[in-house]
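S.K.: Here's a structure for you.
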Amino acid sequence: MPLTVLVVDDEPLARDGMKLLLNHQPRVESVLSARNGREAIALIQDRKPDLVLLDVQMPRIDGFAVIHAIGAERMPPVIFVTAHDQYAIRAFEIAAVDYLLKPVTEERFALAFNRATRRLRGAPQEENTRQVRAMLDAIAKPPKRLERFAVRSGERTIFVPVDEVEWIEASQNYVRLHVSAATHLLHVPMNTIETVLDTDRFLRVHRSHIVNVQRIAQLWSIAHGQFVIELKSGQRLQSGRTYGDRIRRVLANPF
């Protein structure tokens, strides 16, 4: 089935980049573009595209306002595009909807596009509506602290309780969750993850490491205010020089 895709972004270079990526997809017959939320609403109502690539951060009418205006039950399937907005990313993970982080790579775009087109063939409209509503609810009432991670693995979404994560490792623009013997790659930057974790349970000890405080077995100090931290699994991590005061404050006895 040939597809009509709408690209919504207020940045001309971003729109051109998305169009270029769409040109590599043989199923795309027509590409529409909108420069702002107002144009997006009009095109969705008039042209009824099969898929929308929707920028989250736009002036006046942002991506979420577009969905509110159209209505979740009438909104076409969406791939959200965002530049590391922590509340947006958290909502996407909760609802298990797809999103792209700017700058968008060709590989990541192809993965998201292929997943979206498979949903077009198989998923009922009710499921798409449920996911969009869950995302909007999460945006409107974000939890104070994250309780679980939604990790995509192929066509599956695996839910990992936060308390089961032993430590978190930065991996370029992503993070790797270490859970017992398993690891999970999450498409979220380290700084964003840190903002949504409970600071009583998780401690950043290095620019590339966050540890679950309950999983620390022992630690000892070394030179220049640094620590070696041994987790209950036997994994050892070295803290960064600038994190010594934070480690001493959090791990001190409360008496």
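S.K.: What residues qualify as long-range amide H neighbours of Met58, i.e. H under 5 Å apart, gap of 5 or more or another chain, H built at 1.01 Å from N?
M.R.: For Met58, whose amide H was placed from the backbone, the distant partners under 5 Å are Gly63.
S.K.: To continue, here is another question. Once you have a ≥ b ≥ c as the square roots of the Cα gyration tensor eigenvalues for segment 190-250, tell me rounded if a/c is under 1.5, and otherwise prolate or oblate according to whether a/b is larger than b/c. Please report the intermediate quantities before stating the final value.
M.R.: Numbers: a/c = 1.71, a/b = 1.23, b/c = 1.39.
Oblate shape, in that a/c is at least 1.5 and b/c is the bigger or equal ratio.
S.K.: What part of the accessible area of the chain, given as a whole %, is carbon or sulfur when the probe is 1.4 angstrom?
M.R.: Carbon plus sulfur share of accessible area: 49 percent.
S.K.: Additional query: Report the extension gain between Arg27 and Arg236 in nm, rounded to one decimal, defined as 0.36 nm multiplied by the number of residues separating them, less their alpha carbon distance.
M.R.: 70.3 nm
S.K.: Same structure again: Counting only helical runs of four or more DSSP H residues, what would the 222 nm mean residue ellipticity of the chain come to if each run contributes -39,500 (n - 2.57) and the total is spread over all its residues?
M.R.: -10500 deg cm²/dmol
S.K.: Determine the per residue accessible area of the chain with all protein chains present and a 1.4 angstrom probe, expressed in square angstrom.
M.R.: Solvent-accessible surface per residue comes out at 52 Å².
S.K.: Using label points projected 7 Å from each Cα along Cα→Cβ, tell me how many nm separate Glu127 and Leu251, to one decimal.
M.R.: 4.6
S.K.: Quick one, can you get me the convex hull of the C-alpha atoms of the chain expressed as volume per residue in Å³?
M.R.: Spread over its residues, the Cα hull of the chain gives 142 Å³ apiece.
S.K.: Given R₀ = 22 Å, what would the calculated FRET efficiency be for Arg35 paired with Arg118, taking r from the Cβ atoms and rounding to 0.05?
M.R.: The calculated FRET efficiency here is 0.15.
S.K.: I want to verify a result. In a Gaussian network model of the chain, Cα cutoff 10 Å, which of these has the top mean-square fluctuation: Asp245, Asp98, Asp137?
M.R.: Asp245
S.K.: Which residue, chosen from Gly154, Thr105, Gln214, occupies the Cα position most advanced towards the positive end of the dipole of the chain, where the dipole is computed from +1 (Lys, Arg) and -1 (Asp, Glu) charges on Cβ about the Cα centre?
M.R.: My answer, from the dipole projection, is Gln214.
S.K.: Can you give the FRET efficiency to the nearest 0.05 for Ala65 and Ala150, using r as the Cβ-Cβ distance and R₀ = 22 Å?
M.R.: Working from the Cβ atoms, E equals 0.35.
The values are calculated or read from the model by the stated rules, or taken from the named source; none is laboratory data. Just so you know, these numbers come straight off a predicted model, no measurement behind them. Cβ atoms come from the backbone with ideal geometry, glycine included; neighbour counts cover every protein chain shown. We work out accessible area using only protein heavy atoms, side chains counted, and drop any ligands, DNA or RNA first. Shrake-Rupley method; radii C 1.70, N 1.55, O 1.52, S 1.80 Å.
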